[in-house]
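The values are calculated or read from the model by the stated rules, or taken from the named source; none is laboratory data. Source: prediction; values computed, not measured. For neighbour counting, all protein chains shown are included, and Cβ atoms are generated from backbone atoms with ideal geometry for every residue, glycine included. Just so you know, the surface numbers come from the protein's heavy atoms only, side chains and all, with ligands and any DNA or RNA stripped out. Shrake-Rupley method; radii C 1.70, N 1.55, O 1.52, S 1.80 Å.
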Amino acid sequence: MDAEIDVYELLGISIEANEKEITKAYRIKALQYHPDKNRDNPDAAKVFHDVKSAYDLLSDPKQRGEYDERQRARLAKRQRQNALSSQRKRMKSQLERDERAARSVHVEQQAREQQVREEAARFRDEALKAEWRRDKQMREHVRQAHAAEEETAQHAQH
């Protein structure tokens, strides 16, 4: 019989079942899986053998006690593994939250840096436009001053 098979589950009984309930469950399952009644089912002989082994195990109080102890140990181990799995899941969730937060901070930082670059470009453009306006005003002022000088020179000649 496979070590992973739960004999109580195989017979369809609870762990608190008494000898009478075990025998009754065995008879029902033995009839259900008997190879002579299940010629078209190749797995029937294996299941029948497992049912017989389960019955033999549960019929002997010493073997049943040892089996129950192993089952309790398996259950405790499974519970510890589930607890570790829960702890791992919590740690994984925390790690994923931290990674999302770090990515968010990184994205925000990149957005701020982009904003600073755009603002610096805008200031450069504004400074260039202001310089261009000042140059234009200065050229206009120089042109007017030349025009005024020429006009003054022409008036002085007349």
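Which value in nm describes the separation of the simple spin-label points at Arg103 and Ala121, placed 7 Å from the Cα toward the beta carbon?
Here the modelled spin labels are 2.6 nm apart.
Hey, could you grab the Kirkwood Rh for the stretch 1-55? Inverse mean 1/r over distinct alpha carbon pairs, Å, one decimal.
Every distinct Cα pair counted, the radius reaches 11.3 Å.
On a straight-distance basis, which lysines could pair with Lys77 in a cross-link, Cα separation under 26 angstrom, same-chain partners fewer than 8 positions away excluded?
Cross-link targets: Lys62, Lys89, Lys92.
Which lysines does Lys46 reach when only Cα atoms under 22 Å apart count, and residues fewer than 8 places away in its own chain are ignored?
Correct list for Lys46: Lys24, Lys29, Lys37.
Please name whichever of Gln71, Leu57, Leu31 sits farthest to the positive end of the charge dipole of the stretch 24-84, dipole taken about the Cα centre and charges placed at Cβ: Lys and Arg +1, Asp and Glu -1.
The residue sitting most towards the positive pole is Gln71.
Over the chain, with a Gaussian network built from C-alpha contacts below 10 Å, which listed residue (Lys136, Lys62, Lys77) shows the highest mean-square fluctuation?
Per the Cα network of the chain with a 10 Å cutoff, Lys136 tops the list.
Taking the Cα centre of the chain as origin, sum charge times position over the Cβ atoms of Lys and Arg (+1) and Asp and Glu (-1), and report the length of that vector in debye to the nearest 20.
Approximately 620 debye in magnitude.
Compute, for Ile28, the solvent-accessible surface of its heavy atoms (probe 1.4 Å) with the complete set of protein chains present, and express it in square angstrom to the nearest 10.
100 Å²
Which one, Arg133, Arg64, Arg103, has the greatest fluctuation when you compute a Gaussian network model over the chain with C-alpha springs under 10 angstrom?
Arg133
Add -39500 (n - 2.57) for each DSSP H run of 4 or more in the chain, then divide by its residues: what number comes out at 222 nm, to the nearest 500 deg cm²/dmol?
-30500 deg cm²/dmol
Looking at the calculated P(r) for the stretch 28-78, what percent of the C-alpha pair distances fall above 12 Å?
67 percent
What per residue convex hull volume, in Å³, do the alpha-carbon atoms of the chain yield?
195 Å³
So what are the three principal axis dimensions of the stretch 53-124 from its Cα atoms, in whole Å, longest to shortest?
Each principal axis gives a Cα extent; for the stretch 53-124 these are 94, 17, 6 Å.
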